[in-house]
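A short worksheet on the structure shown next.
Read-outs: derived from the displayed coordinates by stated rules, not from any lab. Keep in mind that this is a model prediction, so the values were computed, not measured. Quick reminder, even Gly has a Cβ in these numbers, built from the backbone with ideal geometry, and neighbours come from all protein chains shown.
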Amino acid sequence: MKKYGLIGEKLTHSYSKTLHGLLADYDYQLLPMPPEALDSFFKAGDFAGLNVTIPYKQSVIPYCSELSAVARHIGSVNTVVRRPDGSLYGDNTDAYGFLTLAQSVGMEFKGQKTLVLGSGGTSLTACAVIRAEGGQPVVISRKGENSYETLERHQDAAYLVNTTPVGMYPTLDAAPVDLQRLPSLKGVLDVIYNPLRTRLIQQAQAMGIPASGGLTMLVYQAVRACELFSGKAVTPDKAAMAEGELRRASLNLVLVGMPGCGKTTVGRALGQLLQMPVVDLDSEIEQEAGITIPMIFEREGEAGFRRREAAMVARYGKESGRILVTGGGAVKNPLNREALRANGFVVHLTRSLDALPLQGRPLSKNHEALEALWQERAPLYAQCCDVERPNDKTPAQCAGRIREAMNEALCAQRA
């Protein structure tokens, strides 16, 4: 069987093997190697096709007999194919992935100014695509005429693309710029795909600006590489399926809602239905503190509990593939809302206030306090969640409806 794979120095968090497994049936392996091993690897030639990542996108060029026009223009190769005569052909499928990402949110670069944050290899790719589409890219760097300090001179920019690692896992609480400084924006892209929604993307969405993270770019550069490897077109349905599966695997499913609305019970039902681990953040706080939440309130006050809660939300919000059951007040902290949404599909679980229990609830000991709590938190739940679902059926039925809502959302993102 022909061998394919990804070469790079560090590949611990790569999705490439998973992606190519969804797209095709060839043997595809992750091939991490130090720089000194690159020459002997190419001389051995035991491969039919390769994807290439940092730091070898320029290093592989001398081994290629021919480059595509895009790869020549950008000066970077991320896909190498062995031709029938044994020679190597180098291409850059990142450009195809980037253009597909831009099209997914309706960006039309022609005649428009686009700010490109960063000046590395991905910036070169983005600028090449923008120019090819008739647009005007402006690279924003730390220093020089076009820097972060002089952004205001580009208030007429229509689009912004982040190609820096600012906001990438595990440092989710950072953003390269404040979008309020750019009032004319009508589209934002962030090539980061972990988390799925960076702080930059969340700010854009909160401002009503069409925006997307980099998962689509990741998927479609792999789609184009797969076509080069196999010589066959990947159908739109298969490409959409691969993106949906990768997005699903990258997600947490997060339950928010009032104290006593049934998040813990429904969370357990979801865990059984989806075969995902369930993390009850309040239980994690109690285990770490060694005392119950009412005791934490008694000893440390609400402020002490919220500090513990914020630390727990930040810890698990960075991860993926879990069901997160939150405390009723977790949404009060805007940093918590941001962390839960970063890799989360957030469900607001509702229940009639009359049906909510009061016993053992430090902040909702009577109906008047409960009503005041709801008035305070209802808009925060709405701001944080992707969908709202009532808990008015059995836990299994409620879990099934939440699964349907998540599937519908994933299908809509792929459309």
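The angle between the Cα long axis of helix 121-132 and the longest principal axis of the Cα atoms of the chain comes to about 70 degrees, rounded to the nearest 10. A simple charge model with +1 on the Cβ of Lys and Arg, -1 on the Cβ of Asp and Glu and nothing else charged puts the dipole of the chain at about 300 debye relative to its Cα centre.
Quick one: net charge of Pro137's neighbours, Cβ under 11 Å, K/R +1, D/E -1?
Numbers: positive: Lys113, Arg131; negative: Glu133.
Here the count lands on +1.
Look at (i) 133; (ii) 154; (iii) 163: the one that is volume of the Cα convex hull per residue in Å³ derived from this structure is (iii).
Using +1 on the beta carbon of Lys and Arg, -1 on that of Asp and Glu, and nothing else charged, what's the dipole of the range 285-415 about the Cα centre, debye to 20? Write out the running numbers ahead of the final one.
Numbers: 19 positive and 17 negative charges, 72 e Å.
Value, rounded to 20: 340 debye.
Ranking Pro176, Tyr63, Met33 by Cα position along the charge dipole of the chain, where only Lys, Arg, Asp and Glu carry charges on their C-beta atoms, puts Tyr63 farthest toward the positive end.
Between Thr164, Leu50, Gln383, the Cα set farthest toward the positive side of the dipole of the chain (charges on each charged residue's Cβ, about the Cα centre) is that of Leu50. Mean sequence separation of contacting Cα pairs (under 8 Å, at least six apart), scaled by the length of the range 251-414, corresponds to a relative contact order of 34 percent. Separation of the range 280-299 and the range 29-108 by C-alpha centroid, Å? First find each Cα centre; the distance between them is then 51 Å.
Give me the net charge of Ala222's neighbourhood, meaning all other residues with Cβ under 14 Å from the Cβ of Ala222; Lys, Arg count +1, Asp, Glu -1. Residues close to Ala222 contribute a combined charge of -1. Against the chain, whose longest principal axis comes from its Cα atoms, helix 215-230 is set at around 40 degrees. Placing +1 on each Lys and Arg Cβ and -1 on each Asp and Glu Cβ, with no other charges, gives the range 3-91 a dipole about its Cα centre of roughly 120 debye. Can you list the residues, at least 5 places off or on another chain, whose amide H is less than 5 Å from the amide H of Met33, using H built in the peptide plane? Excluding prolines and chain starts, which carry no amide H, the hits are Gly8, Glu9. Using a Gaussian network model of the chain in which every pair of alpha carbons under 10 angstrom is joined by a spring, one finds that among Ala69, Ala44, Ala225 the greatest mean-square fluctuation is at Ala44.
May I ask which of Lys10/Lys57; Lys110/Lys186; Lys17/Lys232; Lys113/Lys143; Lys57/Lys113; Lys186/Lys238 have a Cα-Cα span longer than 24 Å here? From Lys10/Lys57; Lys110/Lys186; Lys17/Lys232; Lys113/Lys143; Lys57/Lys113; Lys186/Lys238, over 24 Å: Lys57/Lys113; Lys186/Lys238.
When the chain is treated as a GNM with alpha-carbon contacts under 10 Å, the residue of Ser141, Ser212, Ser104 showing the greatest mean-square fluctuation is Ser141. Comparing mean-square fluctuations of Ser320, Ser40, Ser123 from a GNM of the chain with C-alpha springs under 10 Å, the top value falls on Ser40.
Is the C-alpha gyration tensor of the range 96-213 telling us rounded, prolate or oblate? Criteria: a/c under 1.5 is rounded; beyond that, a/b larger than b/c is prolate, otherwise oblate. Rounded is the answer for the range 96-213, as its axis ratio a/c remains below 1.5. For Asn252, the residues whose modelled amide H falls within less than 5 Å of its own, excluding neighbours fewer than 5 places apart on the same chain, are Gly321, Arg322, Gly344, Phe345. The overall shape of the range 1-128, judged from the alpha-carbon gyration tensor, is prolate: a/c is not under 1.5, and a/b is greater than b/c. Across the range 96-213, C-alpha contacts under 8 Å between residues 6 or more apart give a mean separation that, scaled by the residue count, equals a relative contact order of 24 percent.
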